[in-house]
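For reference, the structure discussed in these notes is given below.
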Amino acid sequence: MKNIFEKSVKGRIGVDPGTPDTNMDSRLDPSLLRKTDNMLPEVSELEVVRHYTNLSRLNYSVDTHFYPLGSCTMKYNPKINEVTAVLPGFINAHPMLAYVKEDAVQGALEVIYKTSEMMCEITGMKKMTTQPYAGAHGEMTGILLMAQYHKVHGNNKTHIIVPESAHGTNPASAAAAGYEVVTVPVNSAGGIDLSALKEKMNAQTAGIMMTVPSTLGVFEKEVLEVSALARKFDALMYYDGANLNAIMGKARPGDMGFDIVHLNLHKTFSTPHGGGGPGAGMVGVSERLADFVPVPAVAKTKEGKFTLDFNVPHTIGNIASFFGNFGVMLKAYTYITMLGKEGLIEVSEKAVLNANYIMAKLKPYYYLPYDRTCMHEAVFSAKKQVMHGVHALDIAKALIDRGFHPPTIYFPLVVEEAIMIEPTETESKQDIDLFIEDMIDIAKLAETDPDKIKNTPVTTPVSRPDETKAAREPRLKCF
Amino acid sequence: MAGFTPHTESEIKEMLQAAGAPSIESLFSDITPELRAKSFNLPKGITEYEALNEMQELAAKNMSFTASFLGGGYYDHFIPAAVDTISSRAEFYTAYTPYQPEASQGTLRAVFEYQSMISGITGMELSNASLYDGGTAIYEAVNMAFRGSRKKKVIIDGGVNPLHIKMLKTHAKNIGVEFIEAPAENGRTDLKALAAMIDTDTAAVVAQNPNFYGFVNDYTSVFAQAAENGAASILSFYPVSLGILKTPAEMGADIAVAEGQSLGQPLSFGGPYLGIMAVNKKFMRKIPGRIVGETTDKEGRTVYVLTLQAREQHIKREKATSNICSNQALCALRAVVFLSLMGKEGFKKLALINLERAEYLKTKLSEISGIEVLTGPTFNEFSVKLKKEAQVFFKEMSAKGFIAGLPASVFYPQDKNTIIMNATEKKTVTQIDLFIKAVKECV
């Protein structure tokens, strides 16, 4: 298939924006004008539509395939969200209006306020900021909050503790915000290693970042001991909420002693992943960090009017230009109000049921490094299959041929040849059974005919790419 | 109440039995009583129809206006219908980051074409797949220049979007950058003075074109001074303006960044937007975020993959060039469809029409006594000085149904009487004439 530039024919146009008066560019000094032509393709509207429609058909997606991507929560996202997020009153609202004419955007401010309130209840936190644009951006916000807290309290803190089983963004965010990163291993049960933690935590510890349930799919039972230890050194407790899908209504970060939590609205609260984004990463804080959140915050006056609040004594400043990814908040708000209390609890229960069902069924065939009840995702290892020369990557590719998007592989890094399966609550037993059957079939084939697996995929328009060549001789554009 | 979960009672029983669990609750036994939620006080669920009604009511609480001339870095451009049609294809919008290239060629090729078009409008050598927004792009650009250089100073032109400057300062608070701002008097920076501020201890200089007050500049000499001192030149540009204005590459920028909202993204009260970044080759292995590259498969067919991943957080953890993980791929898709539809000629015409409408508005305003249009070259936004406070004028105009622009005092308290006005291709001559009539009554 040709790329869009190869389809270009001089003189064609897709959408005509209109005809400007002649000599408009003579209004500006020639030194301010571009000398080179822009290099955009010249194609008709139909060519554009057909080109990108055909490209879309080369994708696997939740609406077309089972997509059990661990730690990414690829659940089905109700279609109503797509309707409410583009209502004209929302989509045409200029964000600067909040600065110059609050009464013109009361509806939008109300959504932000109410979403924050609901998220406070869901997480048990005192205050929320909607500004962070994504989970990792929320992490960075959290670290900046820590830094500001310690600065105001005159603390001299230099490092942040991150367990081995954390998301890769945790250490990256801590480092990007100017801290050293100290890693703590996991114990034999997949939890944080408390004795190692005790050795590494000291007066220079600014905070600890925990993912609960962890990326090994298990609940961190030791969390109260960790938070007691952190208090001793005035270190702050950070909760990576990427896995909140597993515990809604069962446990809340705030009740477990966390000071900061980020939420991936696009995971737990149902925004489609869009090929990698946009998401949204609201951050909640405990009482002791309430005076540090980004401004402007949205507040409600006694008269019931929604207003911008710049009065946050120790604010870290602006994390976003405005209020974060508002369109994503609209989807989360729609989803939460539709499901309500009972619905959200059911989400977690069914997500955990599905994951444990898969874990039990596949246990005889794949090595299970931590054999205990899992939460919303189950982490296996392809260790048994590696003996026959079949790696996690090969299993992933074989699944593509069978019509499944593969699970996450080689993550978490602590599990050798990891295969991380997260079915989510929206998958039916029938579809899960088909997946299980194919996983078992692949395990059997690995023993009898490993080459058949190593040569997959064969049903896709392209086979395995030469990734080394892509990195060594980068070709990053069409021309 | 809808849970969107398909399980029947008998299936639940069967699944629990397979898992060896007596009940669903038993699966949560790791969450011991002392770890349990102390409260979960949310309302009962509602039906889809009820939810739609509630959202419609909330949306209706936002006001609409006869015409708005409010810009300030975020613009009301027309979005061709095909942009929504393509971006709402479920195969694009319900897919994840394309880690499995064989199952994601659609997203990967669209991103590759996006990178090409960003190079195609900026003249820069290469681009990443997208950052969160324009402010993030500036922060990541400064971070990239700062990390590599061991120099402390970053000089910011006072005409850079004040919200982006605030974001930059917040994000860079703990990494030891020393920010120096070059003042913009009445919206205009003295470029010679700006260039003179750059010395060998300067890591980067950040400018914006057109600037926040709407003025168009040529930063060539400033960037030459930066190059001489080994400082990186960062230019924040307004994508639509590149239909006619001098490109970042032509000015000698090392890093070009932008708020991509004007390329097919609705205003949506602040997001999702699109952070654009394009760079010179020397930054290829430092640029943050996702990058798609072209390669081949075993049969020699062309394949697209995420590449140069050794920079990224999922491999490098704390040594990654940035912590960006999820990005704005769907917004980038909207941008690539938008740019394809415009094409070479349409993109230029779009820019010229924007210039034309703003020039018309400017001319009409300058004929009104009591109004001083600040002189200088502009694109589709410009600043106007009034005889009264801009906030007062704004209020009077909004009572007549118009949003008259952005009172500069919101961000620059000293500029009490200045209002920044914008006119895109969506403002018709009729609307502008009606606006002018109202201005005459309020001035």
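The values are calculated or read from the model by the stated rules, or taken from the named source; none is laboratory data. All of these numbers come straight from a predicted model, not from anything done at the bench. Virtual Cβ from ideal backbone geometry, glycine too; neighbours counted across all protein chains shown. Heads up: the accessible areas ignore ligands, DNA and RNA and are worked out on the full protein's heavy atoms, side chains in. Shrake-Rupley method; radii C 1.70, N 1.55, O 1.52, S 1.80 Å.
What the table shows:
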| quantity | calculated |
| --- | --- |
| Residue A:133, sole failed condition from (1) open to solvent by less than 10 Å² (accessible area, probe 1.4 Å); (2) closer than 16 Å to residue A:337 by Cβ; (3) facing chain B (nearest Cβ under 7 Å); (4) in contact (Cβ under 8 Å) with a residue 40 or more places away in the chain | (2) |
| Complete set of residues in the range A:141-164 that are in contact (Cβ under 8 Å) with a residue 60 or more places away in the chain, closer than 26 Å to residue B:132 by Cα and under 19 Å from the mean Cα position of the chain (by Cα) | A:141, A:142, A:143 |
| Pairs, first part of a loop (DSSP other than H, G, I, E, B) in the range A:1-12, second open to solvent by 70 Å² or more (accessible area, probe 1.4 Å) and of a type outside the set (A, V, I, L, M), C-beta under 7 Å, six or more apart | A:5/A:479 |
| Positions within the range B:166-191 being open to solvent by less than 50 Å² (accessible area, probe 1.4 Å), part of a strand (DSSP E or B) and hydrophobic (A, V, I, L, M, F, W, C), in sequence order | B:180, B:182, B:184 |
| Qualifying residue in the range B:107-114 (condition: of a type in the set (Gly, Ala, Ser) and in contact with a helix residue (DSSP H, G or I) (Cβ under 8 Å, 6 or more places away or on another chain)) | yes |
| Selection within the range A:412-434 - open to solvent by 10 Å² or more (accessible area, probe 1.4 Å) and in contact with a helix residue (DSSP H, G or I) (Cβ under 7 Å, 6 or more places away or on another chain) | A:416, A:417, A:427, A:429 |
| Residue match in the range B:55-73 (condition: more than 30 Å from residue B:436 (Cβ to Cβ) and more than 7 Å from chain A (Cβ to nearest Cβ)) | yes |
| Qualifying positions in the range B:192-221 - among the hydrophobic types (A, V, I, L, M, F, W, C) and either modelled with pLDDT under 95 or closer than 19 Å to residue B:144 by Cβ (or both) | B:198, B:203, B:204, B:205, B:206, B:207 |
| Those residues of the range B:108-124 which are touching a strand residue (DSSP E or B) at 6+ places or on another chain (Cβ under 7 Å) and either open to solvent by less than 10 Å² (accessible area, probe 1.4 Å) or more than 7 Å from chain A (Cβ to nearest Cβ) (or both), in sequence order | B:108, B:111, B:112, B:115, B:118, B:119, B:122, B:124 |
| Residues located in the range A:347-378, provided they are open to solvent by 10 Å² or more (accessible area, probe 1.4 Å) and under 21 Å from the mean Cα position of the chain (by Cα) | A:349, A:350 |
| Qualifying positions in the range B:323-350 - in contact with an Asp or Glu (Cβ under 9 Å, 6 or more places away or on another chain) and open to solvent by 10 Å² or more (accessible area, probe 1.4 Å) | B:325, B:334, B:344, B:345, B:348, B:349 |
| Residue match in the range B:71-89 (condition: open to solvent by 10 Å² or more (accessible area, probe 1.4 Å) and part of a strand (DSSP E or B)) | no |
| Selection within the range B:251-267 - assigned to a loop (DSSP other than H, G, I, E, B) and within 28 Å of residue B:83 (Cα to Cα) | B:263, B:264, B:265, B:266, B:267 |
| Residue selected from the range A:435-459 under the condition within 30 Å of residue B:6 (Cα to Cα) and either part of a loop (DSSP other than H, G, I, E, B) or of a type in the set (Val, Ile, Thr) (or both), by the criterion most open to solvent (accessible area, probe 1.4 Å) | A:459 |
| Cβ-Cβ under 8 Å pairs, at least 6 apart or on other chains, the range A:448-460 side in contact (Cβ under 8 Å) with a residue 24 or more places away in the chain and among the hydrophobic types (A, V, I, L, M, F, W, C), far side open to solvent by less than 80 Å² (accessible area, probe 1.4 Å) and not in a loop (DSSP other than H, G, I, E, B) | A:453/A:394; A:453/A:395; A:453/A:397; A:453/A:398; A:453/A:442; A:453/A:445; A:453/A:446; A:458/A:401 |
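Yes/no matrix, rows are residues, columns are (1) in a loop (DSSP other than H, G, I, E, B); (2) surrounded by 22 or more Cβ atoms within 10 Å (Cβ to Cβ):
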{"position": "A:229", "(1), (2)": "no, no"}
{"position": "A:254", "(1), (2)": "no, yes"}
{"position": "A:266", "(1), (2)": "no, yes"}
{"position": "A:275", "(1), (2)": "yes, yes"}
{"position": "A:319", "(1), (2)": "yes, yes"}
{"position": "A:334", "(1), (2)": "no, yes"}
